[in-house]
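What follows is a single structure, written as C-alpha cells, with notes after it.
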Amino acid sequence: MKQRSSVGAILVATVLLGRPSAGAASEIERLIVEPNPVVYSGPLAPAVSISVDVKRASIFDNAECIVTIDPGDGSSFERLVDRRGFGSDPNRPAPRIFHNYAKPGTYTVVALGMSGCRGKLTARVTVQQSASGPTRPPSDDGPPKPRPPDVPPPPAQNPCRSSSTKGGSVDLAAAWNDAGSVSLAVFPGDGNKFLPHSQWNVRDGGWGDTVKWVAADFTGDGLTDIAAIWNNGGANTLTVRQSTGSKFIYSHWATNAGGWMNSSVWLAGDFNGDGCIDLASAWNDRGAASIAVFLGDGTRFLPYTQWNVRDGGWGDAVKWVAADFNGDGRTDIGAIWNNGGTNTLTVRLSTGSTFVASHWATNAGGWMDSTVWLAGDFNGDGRIDLAGAWNDAGALSIAVFLGDGKTFQPPTQWSVRNGGWGNTVKWVAADFNGDGRTDLGAIWNNGGNNTLTVRLSNGSQFTHGHWATNAGGWMDSSVWFAGRFRN
C-alpha cells in the first residue's frame, strides 16, 4: 500500500475475545481479530484482518466450512473457510478474511458456523483513526513496542474469492436439447426436496450432443456457473454461462483453445490453488494421456499449458474425477481404469504446475464399463472418498472407497441391491441436506418423466428418497448438474 506524504489515517484495532457456548464439541474454536493491536495507514479505507480458526475443531479438522461474519457495522457476509490440508498443526496459520471498516467506532464481530462447522463466537473491535502517527495502546505484556519501519498492507484479495460464498441448499440444473437449441432448467432445492423447475434460459445457443459440460463457480461470486466446451470448426471454444441467481448469461472465455477431440475429458477445479476455477483436459496423445490446463482468472481462461505430456496410457473407458484428494488446496485428478479385469485407482496430485501420478488402490474390485464413479466426502471426515455405483445383477449397489489423503481403503458396500439399475441414469454428487457429508443424486426415466432421487449419506450408508417426481419429460441427451445456482 502506498504511504501518504502527509500524515496518514491511523487504524488501531483492539480486541476482546468471546467464548463459545459450553458443550459444543465441534465448534469454531476461536475468533481472532489480530490478537495484538495492529496499525495500518494509507489512502484506502482501513482493513481489519478477521481470522476464523477451526484448526482445533474435533470433528471438522482438516475440512472446509462456511462461516457467517457479522462485522457489526451494518453489513454481513459469508465466507468459505478452507482448512483442508492444514490438519491439526498448531503452527499453521488460520485462514484469513478481510473486512474494510468505513469509519471509526467500536463494533461487535460475530462468527457463526453454517455448513461444515458449528458454534458462535464474538469479539469487540475498536477502530480509531488518528493523526498522531503510528501508536498502539498499552497492553498487559509491558510497555508499548516500537512499530516496525515497514508494515505491509493486508494481502490483496483474490478476485475469485472477493465475493461472498452463498449459503443455502443445493439445486439441480439440466441442459436439454430444445429443438436444436440449448435450454436450461433449474430445480431449486430446500434440503428436503426439489421444487418445481423453471426455465432460466430458453433456446439460448445451439445444442450439440458432443458438447462437454462442467459446473463450478468460475467467477467467484458464490453462485455455480455452467461451462460448455464445444467444437467450433475443429477448435475448442470454452463458453461460460454465468449464473445471476435467476438466469444464465453466456460469454466465450476462450476461443481457438486447442484442437477438438471427441474423446477428450474435461474437468473443472482449482488446479493451481489460487482460488480461481480452472479447466483441465485429459486427451489422447497418440495412445498416451496428456493433460492440458486452462487457468482461470474469474473472467476468462488463459492459453493452456501442458501439465503432463504422454504420462501413462490412454483408455476411452477410463473414468475421470476431479477433487482435492490430499487436502493441500489444489484440485487433483483421479482415474479409475481396467487393469486386467480389476479396478486400479490412480490419483494425479497437482503441484500447482504439473500432475504427479501414483496408484492409491489396486485390485480394488472387478472392472465394469457401466460403473459410475463419483468423488466426495461421503463420511464427513474432511477427506475425499470415491463411490462406485454399479450394476449388481440388474439392481443398484454402491461401494465406497474411503480416502485418507494418501490412499483409498478397501471398498465397503454402503448400498446393496437397493433400487433398480439403469444405464441411462444421470448421477451427481453434492451435500444436498447440508450435514457436511456428500450425498448422491440420481435422475432417471420413470415412465417418460424425470424422477429425482437423492441418496443421503449418514456416514456409513445411503438412504434414498424421491425428492421430485413428474419433474419434466425425460431425454437421454440431457446433462444434469448439482450446485448453488440461486441467490
In this structure, does Gly380 turn out to be at positive phi and either touching a residue at least 24 places away in the same chain (Cβ under 8 Å) or open to solvent by less than 10 Å² (accessible area, probe 1.4 Å) (or both)?
yes
Among what's in segment 361-373 and is of a type in the set (Val, Ile, Thr) and within 12 Å of Lys319 (Cβ to Cβ), pick the residue that is most open to solvent (accessible area, probe 1.4 Å).
Val372
Only residues that are within 23 Å of Leu396 (Cα to Cα) and open to solvent by less than 50 Å² (accessible area, probe 1.4 Å): list them for segment 335-360, please.
Ala335, Ile336, Gly341, Thr342, Asn343, Thr344, Leu345
Would you confirm, using the coordinates I've provided, whether Arg455 is touching a strand residue (DSSP E or B) at 6+ places or on another chain (Cβ under 7 Å) and part of a loop (DSSP other than H, G, I, E, B)?
no
Some residue of segment 422-440 being touching a residue at least 24 places away in the same chain (Cβ under 8 Å), open to solvent by less than 40 Å² (accessible area, probe 1.4 Å), among the small types (Gly, Ala, Ser) and touching a Lys or Arg at 6+ places or on another chain (Cβ under 6 Å):
no
When only residues in segment 198-239 that are out of contact with any Phe, Trp or Tyr (no Cβ under 9 Å at 6 or more places or on another chain) and of a type outside the set (Gly, Ala, Ser) count, which is nearest to Ala254 (Cα to Cα)?
Thr219
Qualifying strands (runs of 3 or more DSSP E) (wholly inside segment 304-395; at least 2 residues being modelled with pLDDT of 95 or more, out of contact with any helix residue (DSSP H, G or I) (no Cβ under 9 Å at 6 or more places or on another chain) and small (Gly, Ala, Ser))
319-323, 332-339, 355-361, 372-376, 385-392
Would you please name the residue that is nearest to the chain's Cα centre (by Cα), looking only at residues in segment 203-245 that are over 21 Å from Ala282 (Cα atoms) and hydroxyl-bearing (Ser, Thr, Tyr)?
Thr224
Qualifying position, being in contact (Cβ under 8 Å) with a residue 40 or more places away in the chain, touching a strand residue (DSSP E or B) at 6+ places or on another chain (Cβ under 7 Å), closer than 22 Å to Val321 by Cβ and in a strand (DSSP E or B), among Trp200, Trp253, Trp213
Trp213
Being of a type outside the set (S, T, N, Q), closer than 30 Å to Gly206 by Cβ and surrounded by fewer than 22 Cβ atoms within 10 Å (Cβ to Cβ), is that true of even one residue in segment 388-411?
no
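Starting from residues that are assigned to a loop (DSSP other than H, G, I, E, B) and either hydrophobic (A, V, I, L, M, F, W, C) or open to solvent by 40 Å² or more (accessible area, probe 1.4 Å) (or both), keep the ones in segment 181-197 and report whichever is nearest to Met475 (Cα to Cα). I'd like the intermediate steps shown before the answer.
Here is the first cut: in segment 181-197, the ones assigned to a loop (DSSP other than H, G, I, E, B) are 188, 190-193, 195-197.
Among the residues that remain, those that are also either hydrophobic (A, V, I, L, M, F, W, C) or open to solvent by 40 Å² or more (accessible area, probe 1.4 Å) (or both) are: 190, 192-193, 195-197.
Values: Asp190: 25, Asn192: 25, Lys193: 22, Leu195: 20, Pro196: 17, His197: 15 Å.
Among them, the one singled out is His197.
The values are calculated or read from the model by the stated rules, or taken from the named source; none is laboratory data. Please read all numbers here as calculations on a predicted model, not as lab measurements. Methodologically, a virtual Cβ is constructed for each residue, glycine included, from the backbone with ideal geometry; neighbour enumeration extends over all protein chains shown. Side chains included, ligands, DNA and RNA excluded: accessible areas come from the protein's heavy atoms. Shrake-Rupley method; radii C 1.70, N 1.55, O 1.52, S 1.80 Å.
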